[in-house]
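Data block below; observations after.
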Amino acid sequence: MIKKIAVLGAGTMGKSIAENFAIYGYDVNLFDIDEGRLKNVKNEIKIDLEFLAEEGYIKDSVIPETMNNIHYFSDIKEAVVDRDFITESIPEILELKQETFKLLDDICPEQTIFTSNTSSLGLNDMMALVSENRKERMMVTHYYNPAHIMPIVELSYFGNMPEEVYQEVEYLFESIKKQYIKVLKDVPGLVANRIQQGIAREVFSIIEQGIAEPEDVDKALMFGPAFRYATTGQLEVADLGGLDIWSIVGDNLLKVMDNRTEANPLLREKVKEGKLGVKTGEGFFKYNPETLVQTRNEFNKRLIYQLKVSQNYIKKAPISTK
Ligand SMILES: NC(=O)c1ccc[n+]([C@@H]2O[C@H](COP(=O)([O-])OP(=O)(O)OC[C@H]3O[C@@H](n4cnc5c(N)ncnc54)[C@H](O)[C@@H]3O)[C@@H](O)[C@H]2O)c1
């Protein structure tokens, strides 16, 4: 049974992953090579937790307990040597992940499970330097940002790991109330990011062609397809509408829609102009640099609201397949 956890990398994702496990009572060692980062992250976690409490997602009493459950390390050996489950959230560089897993393989007990939060690297490539036995205890566990709020975790089940080890990991995520999905093939982007890119490609193309203003395009998504998607996945939506209708509309629309195989040039133009979004004060919309924290908090508030509401309709499978 998984009890002791280590998270490697205390950046955007590692911080949230560590606090997520700690909220549910797990003992978490958080390691980073950057001592400056380790100094700041403790306070950032406290601010996150206070925000969750303010929004009524956790009780105030959970804050000190969660803070006590996280221990900070600048020595990797000390951080991982007695752990049952280690997840890395270090930069997306294959060689760095390979070397890190090799080091972990050398110093960790043989039963320790290793996982990666990679967004784009193949599991097989990341496992290249570890022992054959360890390959049976390695997988991808891919979170969405902010990982302590977004419910989804994508779990790889690519044939290298015995069913009982995989189930141990599912049980772990069940215990922290994540909505995990089983991904059966080692493909770039797994499932959720591929779906998201498909939507984003058409959204950017609609803006590029001047079909509607940015506010209206986002509104169309939020109050059209995405309004249903939060409660009903695409396949169930198709079944409800009728697959005959979806085939005809697909034939009519897909041939006139964007089918580019690279990012929309509009994005590159904006990047060139320094319009990177919230972090530079302008992207598709303008943001006040003085209220950036507020902007991000508003975004998180909406997610927490959605998370709370979703407890009422979450179900394991959309519709019985029997
Ligand atoms: N940011 C996202 O939205 C997102 C979402 C899902 C997955 N991911 C993936 O998560 C991973 C981390 O992304 P991030 O956005 O948190 O990056 P980040 O740059 O915010 O954090 C990376 C952290 O790793 C530390 N680090 C660097 N080398 C290290 C090492 N050898 N050992 C331990 N720590 C080390 C850095 O000091 C930094 O604190 C990447 O693989 C990324 O693709 C990111």
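Since every read-out is calculated from the coordinates, none of them should be taken as a lab result. All values reported here derive from a predicted model rather than from experimental measurement. Don't worry about glycine lacking a Cβ; one is built from the backbone with ideal geometry, like all the others, and counts go over all protein chains shown.
Using only Cα atoms, locate the centre of the stretch 129-156 and the centre of the stretch 68-89, then give the distance between them in Å, rounded to an integer.
Taking the Cα centre of each part, the stretch 129-156 and the stretch 68-89 sit 16 Å apart.
Extending each Cα 7 Å along its Cβ direction at residue 243 and residue 152, get the distance between those two points in nm, one decimal.
2.3
Report the full-extension gain for the segment residue 44 to residue 216: residue separation times 0.36 nm, less the Cα-Cα distance, to one decimal in nm.
So the chain would gain 58.5 nm between residue 44 and residue 216.
Of all the Cα-Cα pairs you can form in the stretch 178-224, what percent are over 18 Å apart?
For the stretch 178-224, the share of Cα pairs beyond 18 Å comes to 44 percent.
Could you grab the relative contact order for the chain? Cα pairs under 8 Å, six or more apart, rounded to a whole percent.
The value is 13 percent.
Just want to confirm a number: the relative contact order over the stretch 1-154, from Cα pairs under 8 angstrom separated by 6+ residues, in percent.
25
Could you give the dipole magnitude of the stretch 67-162 about its Cα centre, charging the beta-carbon of Lys and Arg +1 and that of Asp and Glu -1, in debye to the nearest 20?
Dipole about the Cα centre, nearest 20: 160 debye.
Find how much the distance from residue 33 to residue 296 grows on full extension, using 0.36 nm per residue of separation minus their present alpha carbon separation; answer in nm with one decimal.
My answer for the length gained is 92.0 nm.
Which is farthest toward the positive dipole end of the chain among 165, 76, 131, measuring Cα position about the Cα centre, with Cβ charges +1 (Lys, Arg) and -1 (Asp, Glu)?
Result: 165.
With angles folded into 0 to 90 degrees, how steeply does helix 192-208 sit against the dominant principal axis of the chain? Use alpha carbons for both and round to 10.
For 192-208 against the chain, the angle is about 40 degrees.
Taking a ≥ b ≥ c as the square roots of the eigenvalues of the Cα gyration tensor of the stretch 141-297, is the shape rounded (a/c under 1.5), prolate (a/b larger than b/c) or oblate?
Oblate, because a/c is 1.5 or more while a/b does not exceed b/c.
Please report the Cα spread of the chain along all three principal axes, rounded to whole Å, starting with the longest.
Largest first, the chain extends 57, 51, 41 Å along its Cα principal axes.
What residues have an amide H closer than 5 Å to that of residue 153, excluding those fewer than 5 places away on the same chain, when H is modeled at 1.01 Å from N in the peptide plane?
Amide H to amide H, under 5 Å and 5 or more residues apart or across chains, residue 153 pairs with 179, 180, 181.
Pairs of Cα atoms under 8 Å, at least six residues apart: use those to get the relative contact order of the stretch 84-233, whole percent.
Result for the stretch 84-233 is 17 percent.
For the chain, take the longest principal axis of its alpha carbons; what is the angle in degrees between that and the long axis of helix 35-54, to the nearest 10 within 0 to 90?
That helix lies at roughly 60 degrees to the long axis.
Taking the Cα centre of the stretch 16-128 as origin and charging only Cβ (+1 Lys, Arg; -1 Asp, Glu), how large is the dipole, in debye to the nearest 20?
For this selection, approximately 60 debye.
How much FRET efficiency would the formula 1/(1 + (r/R0)^6) give for residue 232 and residue 187, where r is the Cβ-Cβ distance and R0 is 22 Å, rounded to 0.05?
So the FRET efficiency works out to roughly 0.35.
Tell me the label-point distance for the pair residue 145, residue 54, using the 7 Å Cα-to-Cβ offset, in nm and rounded to one decimal.
With each label placed 7 Å out from Cα toward Cβ, I get 2.1 nm.
Mind ordering 200-209, 151-160 by average Cβ neighbours within 10 Å, highest first?
The peptides rank, most packed first, as 151-160, 200-209.
Specify whether the C-alpha gyration tensor of the stretch 210-309 places it in the rounded, prolate or oblate class, a ≥ b ≥ c being the square roots of the eigenvalues: rounded for a/c under 1.5, otherwise prolate if a/b is larger than b/c and oblate if not.
In terms of gyration-tensor shape, oblate.
Using a simple spin-label model with points 7 Å from Cα along the Cα→Cβ vector, what separation in nm is obtained for residue 269 and residue 256?
Those two pseudo-labels are separated by 2.2 nm.
I need the peptides 4-15, 233-244 ranked by packing, meaning the mean over residues of other C-beta atoms within 10 angstrom, with the highest value on top.
For the peptides 4-15, 233-244, the packing ranking is 4-15, 233-244.
So what's the angle, to the nearest 10 degrees on a 0 to 90 scale, between helix 243-254 and the longest Cα principal axis of the chain?
Roughly 80 degrees, rounded to the nearest 10.
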